[in-house]
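What follows is a short report on a single structure.
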Amino acid sequence: MKSSVEKLSDTRVKLTINVPFDELKGEFDRAYADIAQQVSIPGFRRGKAPRKLIDARFGRGPILEQVVNEMVPSKYEVALLENDIKALGQPDIEITSIEDSKEVAFTAAVDIRPEITIPDFSTFEVEVPALELDEAAVDAAIDDLRARFAELKDTDRALEAGDVAILDLNVTINGKSAADSDAKGLSYSVGSEDLIPGLDAAIIGLKSGESTEFNSVAEAGEQAGEEATIAVTVQQTKERVLPELDEEFVQMASEFDTVEELRESTKAQVEEGAKSRQAAAIRDEVLKLALDSSKFELPENVVNEQVHAQQHQLLGNIAHDEAAFNAMLEAQGTTREEFDAEQRKSAENAVRTQLFLDTLAEQEKPEVSQQELTDHILFTAQSYGMDPNQFIQQLSQSGQIANLFADVRRGKALATAICRVSVTDDAGNKVDPAEYFGEEEIEVAPATEEENTEA
């Protein structure tokens with residue numbers, strides 16, 4: 001087999017591959033055996049008809065077609081290895097010639113990773129927010145725990161954030177009632193902003209029995225995404241009464257015996273959360289600086305595939321109803337052109353990040369242990385709310401374990417590079433990134449889920 005490479009651009013090449021027939025004996029043997037099993041020829045048992053008779057009866061075409069279809073993927077992979085091509089995505093294959101008994105020639109145009117220069121991370125200086133470990137944050141965390149055990153008591157005062165309101169909702173769209181979006185006796189936590197945009201602003205200040213109207217976007221039903229007028233009536237107002245913070249409450253709500261023990265544990269959790277946020281800020285700032293320092297062209301087809309995947313997932317959430325989708329964009333004050341532009345920008349950022357981190361991983365050469373891969377798989381399964389064994393089975397069936405392995409490798413490579421960066425907080429204090437990103441410290445993912453594409 002002979003192969004050559006033509007560079008079409010910084011991100012795309014075309015391979016020309018010539019395969020002589022004497023390298024295709026195995027493929028021809030399988031092709032004739034398959035056809036012999038599929039046909040019945042008088043005088044011969046099924047599967048025993050000679051090749052010349054098969055050619056005479058059915059022609060050479062079906063044999064050549066099967067041989068070529070079987071040969072192309074394997075010979076393409078060999079050509080990639082021979083020419084050290086790092087292909088991205090699926091190739092565009094074209095059979096250029098078939099000379100029976102001589103050779104088959106085909107071309108494969110495919111996107112490749114561009115040349116990427118990795119900057120010197122030791123020259124980077126980044127600033128991140130200082131750790132906030134004040135007692136107010138500890139008090140707020142303990143109050144959150146108390147709120148889980150709060151009693152609800154009726155009140156005659158106006159609604160405030162943190163109260164619970166019992167609501168009736170009537171939705172009107174284009175002057176017509178949208179009964180499938182109505183609600184009666186709905187319990188709502190005021191200030192949570194997790195039901196209908198504009199609801200909190202409309203009901204805060206209302207008392208039991210009072211009503212109001214506001215405009216928003218229908219969240220459910222056949223007309224989801226369309227502009228709606230929502231009439232809301234407050235049936236009841238309730239306030240949360242928190243339990244006293246004493247030993248009786250502590251022993252009932254936690255594994256601790258005393259208020260002081262609960263407070264010390266909560267303080268440690270608050271500190272851990274603050275450190276995780278600071279680590280994420282370091283990661284984000286360093287990655288942004290690194291990407292800004294390394295400009296390279298993006299493979300267009302890979303970006304297009306990422307845009308398509310993002311939009312397919314989003315439209316899938318509304319049953320691919322384009323009319324509802326466009327209505328939702330209009331209600332949000334966004335045009336389809338603006339949305340598409342934002343999607344493309346997001347896809348470009350995701351592809352750029354992954355290509356950069358793949359190149360960084362090749363430079364840093366981090367080793368990924370089986371335990372690290374297992375931990376990452378378990379963490380990912382948990383984030384999807386799936387049983388780990390079922391998740392691993394799905395990964396194996398879809399061939400996605402290699403992608404999770406690559407995720408871990410990228411993360412370790414970035415962590416190693418971050419340890420060389422000079423970091424200070426906005427209070428002027430030096431921060432040692434190795435505290436967060438050293439081998440024995442916590443693992444921080446290198447990219448958001450949006451950035452983890454299959455470039």
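No lab work stands behind these numbers, since they all come straight from the coordinates. Given the structure is predicted, the values throughout are model-derived calculations rather than measurements. Using ideal geometry, Cβ is built from the backbone for each residue, glycine included, and neighbour counts are taken over all protein chains shown.
The alpha carbon radius of gyration of region 255-451, expressed as a multiple of 2.2 N^0.38 Å, is 1.24. Among the trypsin sites (Lys or Arg not before Pro) in region 98-204, those placed in a DSSP loop whose Cβ has at most 13 other Cβ atoms within 10 Å are 102, 157.
Exposure proxy shown here: for 378, 357, the number of other Cβ atoms within 10 Å sets the order, fewest to most, as 378, 357. Given in Å, the Rg to one decimal and the Dmax to the nearest whole number for the Cα atoms of region 151-241 are 12.9, 42. Fully extending the segment from residue 275 to residue 9 would add 91.4 nm, taking 0.36 nm per residue of separation and subtracting the current Cα-Cα distance.
In a DSSP loop and with at most 11 other Cβ atoms within 10 Å, the GluC sites (Glu not before Pro) in region 57-161 are 115.
Considering only chymotrypsin sites (Phe, Trp or Tyr not before Pro) in DSSP loops that have at most 12 other Cβ atoms within 10 Å, the longest stretch of the chain without any of them is 150-383.
The label-point distance for residue 189 and residue 246, in a model that sets each label 7 Å from Cα toward Cβ, rounds to 2.6 nm. Computed extension gain for residue 160 through residue 122, at 0.36 nm per residue and net of the alpha carbon distance, reaches 8.6 nm. Only DSSP H runs of four or more residues enter the estimate; each adds -39500 (n - 2.57), and after division by the residues of the chain the mean residue ellipticity at 222 nm equals -15000 deg cm²/dmol. Mean sequence separation of contacting Cα pairs (under 8 Å, at least six apart), scaled by the length of the chain, corresponds to a relative contact order of 16 percent.
With just the Cα atoms defining each centre, how far is region 65-86 from region 369-440? Give it in Å. So the two Cα centres are separated by 33 Å. Cβ crowding within 10 Å, taken as a proxy for footprinting-reagent exposure, orders 398, 208, 187 from fewest neighbours to most as 398, 187, 208. Taking a point 7 Å out from the Cα of residue 92 in the direction of its Cβ, the residues of region 1-44 whose backbone N falls within less than 15 Å of it are 6-16. Looking at region 399-437, which trypsin sites (Lys or Arg not before Pro) are DSSP coil and have at most 16 other C-beta atoms within 10 Å of their C-beta? Loop-located and lightly packed - 420. Compared with the alpha-carbon gap, the fully stretched path from residue 69 to residue 105 is longer by 11.7 nm at 0.36 nm per residue. Students often get this wrong, so check it: of 153/275; 207/267; 14/102; 7/345, which have C-alpha atoms separated by over 28 Å? As for pairs spanning more than 28 Å Cα to Cα, those are 153/275; 207/267.
Our summary of shape: the Cα atoms of region 2-112 have principal axis extents of 60, 24, 18 Å, ordered from largest down, in whole angstrom.
For region 194-285, the average shadow cast by the Cα convex hull is 11.1 nm², which is a quarter of the hull's surface.
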